[in-house]
Amino acid sequence: MIYIAGFIALAAVVCAIMALRAAKTLVSALWLAGTSALVAFALYLMGAHEIAVVELSVGAGLVTILFVFAISVAGDEALDVRTVIPRPVAITLVIVTGLLLAWFTVAQPIANLIQPIAPSIVVPLADALWKQRGLDVLVQIALIFGGVLGVIGLLADGAEAGSQKSEVRGQIREEEAQQ
Amino acid sequence: MTMTPLTFVLIAVIGLLGVGLYGLLISRNLIKMIIALQILGKAALLAFVMAGDANGQTGQGQALAMTVIVADTIVAVVGLALAVQVRRRFGTMDIKALSNLKG
């Protein structure tokens, strides 16, 4: 089963490449949703059922809706194909990073790198999350509150700017009416 | 090197990291940059679950993966809100044009 998960994860890589190759950002967002769905399927086949459900609902659902909303508000912008960093430099950096990762993981025997610290004891996700990694849960809650406050602050700033503009327009109209 | 089942997932993790890093380096559109960051997040998610499986500590890997999902989503939400504001204020989402702005 995990072989199939590996192949599905490789298909997710293809989706990710298509997400970056697409000319329109809306199409990119849809390819990203496909990547998330395939990653969620691979996670399910690897036995991480809860994570797969969360990834499918949040990664492929919520985030895609947010992308579509942001693109509909901001609009799609066709940019010049020239990049800030030259492509050969970027490709070299990516290849060097990939080779380093491969050297640290694939090329060396995995058994030497990842030694089981203790005999394999299957700890349920709920126990691991709430008992062993309680601090992580607190950090997640803080992140969610911070994110919500940040978005409210950003959108409120935009709404204030919009209301100020409408007030200025109203004053101009009144002045024109008086004249 | 023998190809174990987890090796395929590991190759996919390295592939996703490479694609995300390349997209982050060459993209000029702010939304495309956030998409590249999301791809990097997917790679980290798969890597945590795979490392947990390989290490015999499945619960720990999945708990860390949950943290990655939350952090990745918050990054996307705040990044998209910033991109919308940048578009409203400056009329472009080109990072090269933004870096030339004064003040």
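In terms of the Cα gyration tensor, with a ≥ b ≥ c the square roots of its eigenvalues, is region B:5-99 rounded because a/c is under 1.5, prolate because a/b exceeds b/c, or oblate? Verdict is oblate for region B:5-99. The stretch between A:I152 and A:V122, if pulled fully straight at 0.36 nm per residue, gains 6.7 nm over its current Cα-Cα span. Rounded to the nearest 0.05, what FRET efficiency do A:A142 and B:S99 give with R0 = 30 Å and r taken as the Cβ-Cβ distance? Could you check? About 0.45, to the nearest 0.05. Relative contact order for region B:5-99: 29 percent, from Cα pairs under 8 Å spaced at least 6 residues apart, divided by residue count.
Filter the trypsin sites (Lys or Arg not before Pro) in region A:8-83 down to the DSSP loop ones having no more than 11 other Cβ atoms within 10 Å, then list what survives.
Working: sites: A:R21, A:K24, A:R82; in loops: A:K24, A:R82.
Hits after loop and neighbour filter: A:R82.
Across B:I95, A:I95, the residue with the most accessible area heads the list, and the full order at a 1.4 Å probe is A:I95, B:I95.
Counting Lys +1, Arg +1, Asp -1, Glu -1, what net charge surrounds A:T35 among other residues with beta carbon under 11 Å of its beta carbon? Spell out each step's value before the answer.
Working: positive: B:K42; negative: A:E55.
Result for the local shell: 0.
May I ask you to derive the FRET efficiency for A:F7 and A:E175 from their Cβ-Cβ distance with R0 = 51 Å, giving the value to the nearest 0.05? According to the calculation, E is roughly 0.15.
When the Gaussian network model of chain B links Cα atoms closer than 10 Å, the mean-square fluctuations of B:I74, B:I39, B:I14 top out at B:I74. Here A:E176 sits with roughly 120 square angstrom of accessible surface, probe radius 1.4 Å.
The values are calculated or read from the model by the stated rules, or taken from the named source; none is laboratory data. Values in this document were obtained by computation on a predicted structure and should not be read as measured data. Backbone-built Cβ (ideal geometry, glycine too); neighbour counts: all protein chains shown. These area figures cover heavy atoms from the full protein model, side chains too; ligands, DNA and RNA do not enter into them. Shrake-Rupley method; radii C 1.70, N 1.55, O 1.52, S 1.80 Å.
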